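Taking it in order: structure first as structure tokens, then the write-up.
The values are calculated or read from the model by the stated rules, or taken from the named source; none is laboratory data. Bear in mind that the values here come from a model prediction, so they are computed numbers and not experimental data. A quick note on method: Cβ atoms are made from the backbone with ideal geometry, for glycine too, and the neighbour counts reach across all protein chains shown. Keep in mind that these areas ignore ligands, DNA and RNA; they rest on the heavy atoms of the full protein, side chains included. Shrake-Rupley method; radii C 1.70, N 1.55, O 1.52, S 1.80 Å.
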Amino acid sequence: MTLALGVLLGTGVCLVASPWLWPTAAGRAGSPGPAERVRGWLARAGFERVPVAVFVVLCTALGVAAGSVVAALLPVPALAVLAAGVGALVPVAVVSSRGRARRRMLRAAWPDLVDHLVSAIRSGRSLGDAVAGLAEVGPAELRTAFADLGRAVESTGLLDPAFDDLKRRLGDPVADRIVETLRLAREVGGTELPSVLRALAAALRQDAAVRSEVEARQSWVVNAARLGVAAPWVVLLLLSARSEAAAAYNSPAGLALLGVGAVVSVVAYRIMVALGRLPDERRWFA
């Protein structure tokens, strides 16, 4: 009876974990790999020209440099290891911060871009010319993408591949919605495209206003999380300069304390950041 219950329990655990342990061939083919996800993450921050290998080498180099500096200044190997981990995460934090700033910039710029797009379409310009014309009025970070779309349409005469490349380079959910709206209007026709785009611009302005107000009120949560995580470790670095404190931290109990403190700091910081940040819109048309 005990053996049967054990087999039944193991079978249940295997069935529960099977979607992650043995994904289907369709799921493996349709889902992007780690390199593709990192490449898309870099593109959303404006670093689409940075190879993934270069980014990984940069993280490794900064981690080794930070660990070496701390190891040379403080006689606590565990702190050197933690410093190496923090140094390796600095590029990740920079890319994430730039990605959030870029999303805020795009969120504020898209309503005006949609208005310019509506004006161009109502004036009789084709869809390709209307989108390419945004290179003259859009933000500096987006003008290159729109100009490249115009050159691609002129050289090939194909709009769909140019739209796909624009979506990949911008990596923005609002851009995906606009591009798919234009693609649908081009395929099925109709005269409601300006009205749809104007309604989309109004919704984007309302969403940007609400997000700006909420983010301004919740910014103190993120700042408090950063201060709360950094302050104890700064004090610990100052204490480690003393020989008796270094000896205590090099003991098994001290190493356990540093490990537990690092885990608690990371978990607490992630919780505070999650509480103080609004969820980003997903790319349903990527």
Being part of a helix (DSSP H, G or I) and closer than 30 Å to VAL114 by Cβ narrows it down to one of VAL235, VAL229, VAL214, so name that one. VAL214
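Going by what's in this entry, would ALA274 be described as at pLDDT 85 or above and part of a helix (DSSP H, G or I)? Step through it out loud before you land on a result.
Numbers: at pLDDT 85 or above: no; part of a helix (DSSP H, G or I): yes.
It is false that ALA274 is at pLDDT 85 or above and part of a helix (DSSP H, G or I).
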Check every one of the helices (runs of 4 or more DSSP H) wholly within the range 30-130 and list those with 1 or more residues that are surrounded by 14 or more Cβ atoms within 10 Å (Cβ to Cβ) and of a type in the set (S, T, N, Q). 52-73, 77-122
Those residues that are loosely packed, with under 14 Cβ neighbours inside 10 Å and aliphatic (A, V, I, L, M), I need them from the range 157-182; list them, please. LEU158
Show the residue pairs meeting these rules: Cβ distance below 9 Å; 6+ apart or different chains; first residue within the range 124-143 and touching a residue at least 24 places away in the same chain (Cβ under 8 Å) and more than 18 Å from GLY157 (Cα to Cα); second residue open to solvent by 10 Å² or more (accessible area, probe 1.4 Å) and among the acidic types (Asp, Glu). VAL137/ASP112; GLY138/ASP112
